[in-house]
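The values are calculated or read from the model by the stated rules, or taken from the named source; none is laboratory data. Note that the structure is predicted; figures quoted are calculated from it, not measured. Neighbour counts are summed over all protein chains in view; Cβ atoms, including those assigned to glycine, are modelled from backbone coordinates with ideal geometry.
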Amino acid sequence: MDDGSGVNTTKRNNYQPESSVATTKTLYDTTHTNNEVSELLDNSQNNYSSSSDEVSYITNFTNTILKECGFISGGRGSGKSRLGMLLTNILLANGVMVKVMDSSRQWLKHSSVPTYYTIPIPKYGGYIAYWDLPNLWNTIYDCSRLSTIELTELVKGMMKEDFQEAVTLDEQGTPQRACYIFEESQNLIPSGSLRRNDYQEVNRFVTQGRNYGLSYIAITQRLATTDTTLVELSGVKFFGKVEGENTVRKAKAWVNKKLLETSRDFPVGRFIVQHGTYAKIEQFPCFETLHKPQRYIEPKPEKKGFWSRIFG
């Protein structure tokens, strides 16, 4: 990949957030017994707005994510991607720019992110892959055509450019407010990768980006094969239905055994929300946008008339 991935800076897209209201049910904290879980979830309801700035017991979700980042884990059919879309809609509604790296194409069908851009197969100069792409915010980058290695190289270049721009904006007194969304993050940041030399741009982004207004939400179905450092760095964690003993063993580092045992039978949308030393179970609605993302069309260069060509 060439320096900055050949990505050209583009202004953020205008966005009008969704204001749909869904319903979520009450919470379960670590002081309750397992027998009380179903009773708590069945007998009490609160209104939940997908454009508000409150998630579970985190009343200022946007600033919390910008300062601490987020992580979502869940097995197949747990609703982890829909939860990611719900949280992303909250960020958009509160003025945060987002960039979604998606190889699943689910975000093209259900999310409220305004535009999408399909990443082509890269050009190669020797063994180096490079792209000439617009650098867009509030956009889904459809990476489904890329190999895992190509995806990693693409994101490294984007992170490098966005980090440098965020530092410049901070020096000018206009700090960035932006968040990367990593769908299927186990492919992008697998176990042990953040210790490798070739992952230094990714490591700098996830460890230092929040100092300059750059955050992330990582989404994975394979907690066991995702870099532990990435999970540890994420201040807000969501654990859905667990699959496999390796996932259970790894999740015990952040959630107590009693809660994890209940998560084996979680229905779609039910997650353990962990922040600091506190954890609760919450049922989230299945997010569905009212407006599908639209394909980004690059503006054509303005054609100059005859006299303009002569006199410039």
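Kindly indicate whether any position in the range 166-175 is closer than 27 Å to P267 by Cα and either free of Cβ contacts under 8 Å to residues at least 60 places away in the same chain or of a type in the set (A, V, I, L, M, F, W, C) (or both).
Scanning the range 166-175, I find no residue that is closer than 27 Å to P267 by Cα and either free of Cβ contacts under 8 Å to residues at least 60 places away in the same chain or of a type in the set (A, V, I, L, M, F, W, C) (or both), so the answer is no.
Do we have any residue at all in the range 74-92 that's assigned to a strand (DSSP E or B) and either at pLDDT below 95 or out of contact with any Pro (no Cβ under 6 Å at 6 or more places or on another chain) (or both)?
Step one: list which residues in the range 74-92 are assigned to a strand (DSSP E or B), which gives none.
Checked against the condition, which is being assigned to a strand (DSSP E or B) and either at pLDDT below 95 or out of contact with any Pro (no Cβ under 6 Å at 6 or more places or on another chain) (or both), the range 74-92 yields no hits at all.
Is there a residue in the range 199-222 that is within 19 Å of F271 (Cβ to Cβ) and of a type in the set (F, W, Y)?
Checked the range 199-222: at least one residue is within 19 Å of F271 (Cβ to Cβ) and of a type in the set (F, W, Y).
I need the full set of residues from the range 213-232 which are closer than 23 Å to G77 by Cβ and of a type outside the set (A, V, I, L, M, F, W, C), in order please.
T220, Q221, R222, T225, T226 - these are the residues of the range 213-232 that are closer than 23 Å to G77 by Cβ and of a type outside the set (A, V, I, L, M, F, W, C).
Quick one: which strands (runs of 3 or more DSSP E) sit completely within the range 100-168 and have at least 1 residues that are among the aromatic types (F, W, Y) and touching a Leu at 6+ places or on another chain (Cβ under 6 Å)?
Per the criteria, 115-118.
So which pairs qualify, if the first residue must be in the range 218-232 and without any contact (Cβ under 8 Å) to a residue 60 or more places away in the chain, the second must be small (G, A, S), the Cβ gap must be under 6 Å, and the two must be at least 6 apart or on different chains?
Pairs that qualify, where the first residue is without any contact (Cβ under 8 Å) to a residue 60 or more places away in the chain and the partner is small (G, A, S), are T225/S191; D227/S191; D227/S193.
Somewhere in the range 235-244, is a residue over 30 Å from Q164 (Cα atoms), touching a residue at least 12 places away in the same chain (Cβ under 8 Å) and loosely packed, with under 13 Cβ neighbours inside 10 Å?
Among the residues of the range 235-244, at least one is over 30 Å from Q164 (Cα atoms), touching a residue at least 12 places away in the same chain (Cβ under 8 Å) and loosely packed, with under 13 Cβ neighbours inside 10 Å, which makes the answer yes.
Can you find a residue in the range 206-213 that is part of a helix (DSSP H, G or I), of a type in the set (F, W, Y) and either over 14 Å from the mean Cα position of the chain (by Cα) or within 18 Å of S234 (Cα to Cα) (or both)?
Yes; the residues of the range 206-213 include at least one that is part of a helix (DSSP H, G or I), of a type in the set (F, W, Y) and either over 14 Å from the mean Cα position of the chain (by Cα) or within 18 Å of S234 (Cα to Cα) (or both).
From L108, L83, which residue is among the hydrophobic types (A, V, I, L, M, F, W, C), in contact (Cβ under 8 Å) with a residue 40 or more places away in the chain, closer than 20 Å to P285 by Cα and surrounded by fewer than 21 Cβ atoms within 10 Å (Cβ to Cβ)?
Being among the hydrophobic types (A, V, I, L, M, F, W, C), in contact (Cβ under 8 Å) with a residue 40 or more places away in the chain, closer than 20 Å to P285 by Cα and surrounded by fewer than 21 Cβ atoms within 10 Å (Cβ to Cβ) holds for just one of L108, L83, which is L108.
Could you grab the pairs with beta carbons closer than 7 Å, sequence gap of 6+ or different chains, first residue in the range 270-297 and free of Cβ contacts under 8 Å to residues at least 40 places away in the same chain and under 25 Å from N256 (Cα atoms), second one assigned to a strand (DSSP E or B) and charged (D, E, K, R)?
Filtered contacts from the range 270-297: Q274/K237.
Residues of the range 132-165 being surrounded by fewer than 21 Cβ atoms within 10 Å (Cβ to Cβ), in contact with a helix residue (DSSP H, G or I) (Cβ under 6 Å, 6 or more places away or on another chain) and in contact (Cβ under 8 Å) with a residue 60 or more places away in the chain, which ones?
Once the filter is applied, which keeps residues that are surrounded by fewer than 21 Cβ atoms within 10 Å (Cβ to Cβ), in contact with a helix residue (DSSP H, G or I) (Cβ under 6 Å, 6 or more places away or on another chain) and in contact (Cβ under 8 Å) with a residue 60 or more places away in the chain, the range 132-165 yields D132, K156, K160, E161.
Tell me, please, whether a residue that is in a helix (DSSP H, G or I), charged (D, E, K, R) and out of contact with any helix residue (DSSP H, G or I) (no Cβ under 7 Å at 6 or more places or on another chain) can be found in the range 220-243.
Yes, the conditions are met somewhere in the range 220-243.
Scan the range 147-202 for residues that are touching a strand residue (DSSP E or B) at 6+ places or on another chain (Cβ under 7 Å) and at positive phi and jot them down.
Once the filter is applied, which keeps residues that are touching a strand residue (DSSP E or B) at 6+ places or on another chain (Cβ under 7 Å) and at positive phi, the range 147-202 yields only E184.
For the range 202-217, enumerate the residues that are touching a residue at least 60 places away in the same chain (Cβ under 8 Å) and under 23 Å from S104 (Cβ atoms).
Initial filter on the range 202-217 (touching a residue at least 60 places away in the same chain (Cβ under 8 Å)): 206, 210, 213, 215-217.
Result: V206, S215, Y216, I217.
Residue-by-condition table, conditions (1) surrounded by fewer than 19 Cβ atoms within 10 Å (Cβ to Cβ); (2) under 17 Å from Q221 (Cα atoms); (3) in contact with a Ser or Thr (Cβ under 9 Å, 6 or more places away or on another chain):
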site: T247; (1), (2), (3): no, yes, yes
site: A251; (1), (2), (3): no, yes, yes
site: K257; (1), (2), (3): yes, no, no
site: R264; (1), (2), (3): yes, yes, no
site: G269; (1), (2), (3): no, yes, yes
site: I272; (1), (2), (3): no, yes, yes
site: I281; (1), (2), (3): no, no, yes
site: P285; (1), (2), (3): yes, no, yes
site: L290; (1), (2), (3): yes, no, yes
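Residue by residue through the range 251-266, note down the ones that are in a helix (DSSP H, G or I) and farther than 14 Å from Y278 by Cβ.
If the condition is that a residue be in a helix (DSSP H, G or I) and farther than 14 Å from Y278 by Cβ, then A251, K257, K258, L260, E261, T262, S263 are the ones that fit.
Within the range 263-305, how many residues turn out to be of a type in the set (D, E, K, R) and at positive phi?
0
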